[in-house]
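Here's the structure we're looking at; comments come further down.
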Amino acid sequence: MSNSVRIIEMGPRDGLQNEKAPVSVEARIAFVEALVAAGLSTVEVGAFVSPKAIPQMAGSDQVLRGVSHVKDTEFHVLVPNEKGYDAARAAGAEVVSVFAAASEGFSRANINCSVAESIERFKPVLTRAKADGVKVRGYISCVLGCPFDGEIKPKAVADLARTLWDLGCYEISLGDTIGVGTPLKAKQMLRAVAAEVATDKLAMHFHDTYGQALANLYAGMEEGVRVIDSAAGGLGGCPYAPGATGNVATEDVVYLLEGMGIRTGVDMTKLLAATNEVSRLIGRPPVSRVASALNAKTRAAK
């Protein structure tokens, strides 16, 4: 295990877009600022998608502009097509993300098109981003299972990862969207993908529906992956997977890594404060086990 792991904070986008209670632009800006102050230097802050489809992400342009004063930080935004890219660039985006699914069923349910059609939609984005000097990150959903198609073959994930890499994505984030994976399956999938895209260009984006996310992340780290997507407080979920929880909680990831002697640069006290504030806004406690334990400890000390 190397002593370097990069954490990509997903809470303001992947987390909040699945929460029922919308959070104001001002509160989202404050949330991002608090996460950065806690030591998280890469944060996905919004999505340039239809506000009718995902109202929680309305005002992402204002959020991105609102945090533009923060230095030494990389802010990511999700864009589904050229229209989203135009809006993101107008708001000052320097890093954008595109997404595809390893599952035909999920692709049709989520964005109403086939996997191949989804790639055609964002091909122009990658072409223009290259010309503009904008970095593009690629997401793959359902890499360890799909609510519609069931088990996903590692080769399907590997082939799609290669496609995204060849199109110009600088990094491929592999998402266990419904959180059904287990460590051995995670390793098998990562080995298949690593045969097509170098391990140091891969990230793990594991949800914790069945409580396996940390174990899967550890397994992936054993395979050499050193980038982890996480969400403060375990925010989020999946509308197509009943009971699916959000991304693995940033607090839990930081606790694991620091306990292994891997420095994260994250101040747990400040991260917990940011998590507690956003949890108050959405009206439910964090699902993070570490946040729950630390909050209970604080209450007991009063």
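The values are calculated or read from the model by the stated rules, or taken from the named source; none is laboratory data. Because the structure is a prediction, the values reported are computed rather than measured. As a convention, Cβ positions derive from the backbone with ideal geometry for all residues, glycine included, and neighbour counts pool all protein chains shown.
Restricted to region 129-148, and to residues there that are farther than 30 Å from V180 by Cβ and not hydrophobic (A, V, I, L, M, F, W, C), the residue that is surrounded by the fewest Cβ atoms within 10 Å (Cβ to Cβ) is G133. Considering region 106-121, and only residues there that are out of contact with any strand residue (DSSP E or B) (no Cβ under 8 Å at 6 or more places or on another chain) and small (G, A, S), the residue that is farthest from E82 (Cα to Cα) turns out to be A109. Cβ-Cβ distances below 7 Å connect no pair with a first residue in region 184-198 that is touching a residue at least 60 places away in the same chain (Cβ under 8 Å), a second residue that is surrounded by 18 or more Cβ atoms within 10 Å (Cβ to Cβ) and among the polar types (S, T, N, Q), and a separation of six or more residues or different chains. Just name the residue that is nearest to I7 (Cα to Cα) out of those in region 73-90 that are over 16 Å from the mean Cα position of the chain (by Cα) and surrounded by 20 or more Cβ atoms within 10 Å (Cβ to Cβ). Residue satisfying both the conditions and the ranking: A88.
Can we say L174 is part of a helix (DSSP H, G or I) and within 15 Å of the chain's Cα centre (by Cα)? It is false that L174 is part of a helix (DSSP H, G or I) and within 15 Å of the chain's Cα centre (by Cα).
Please pick out the residue among G168, G211, G233, G181 that is of a type outside the set (D, E, K, R), buried (at least 17 other Cβ atoms within 10 Å of the Cβ) and on the phi > 0 side of the Ramachandran plot.
G233
When we screen A93, A161 for residues that are under 20 Å from the mean Cα position of the chain (by Cα) and in a loop (DSSP other than H, G, I, E, B), the only hit is A93.
Where residues in region 2-35 are assigned to a loop (DSSP other than H, G, I, E, B) and touching a helix residue (DSSP H, G or I) at 6+ places or on another chain (Cβ under 6 Å), which of them is nearest to I262 (Cα to Cα)?
From region 2-35, those assigned to a loop (DSSP other than H, G, I, E, B) are 2-5, 10, 19-24; that's our starting set.
Restricting the remaining residues to those that are touching a helix residue (DSSP H, G or I) at 6+ places or on another chain (Cβ under 6 Å) gives 5, 19, 21-23.
On the way: V5: 7, E19: 31, A21: 35, P22: 35, V23: 33 Å.
Filtering region 2-35 for residues that are assigned to a loop (DSSP other than H, G, I, E, B) and touching a helix residue (DSSP H, G or I) at 6+ places or on another chain (Cβ under 6 Å), the one nearest to I262 (Cα to Cα) comes out as V5.
Out of V79, V134, V115, one residue alone is touching a residue at least 12 places away in the same chain (Cβ under 8 Å), within 19 Å of N18 (Cα to Cα) and touching a helix residue (DSSP H, G or I) at 6+ places or on another chain (Cβ under 8 Å). It is V79.
Looking only at region 283-299, count how many residues are within 25 Å of V25 (Cβ to Cβ) and surrounded by fewer than 18 Cβ atoms within 10 Å (Cβ to Cβ). Going through region 283-299 one residue at a time, the tally reaches 3.
I'm trying to understand the selection: among the residues of region 36-58, which are at pLDDT 95 or above and in a loop (DSSP other than H, G, I, E, B)? A38, G39, L40, S41, F48, A58 - these are the residues of region 36-58 that are at pLDDT 95 or above and in a loop (DSSP other than H, G, I, E, B).
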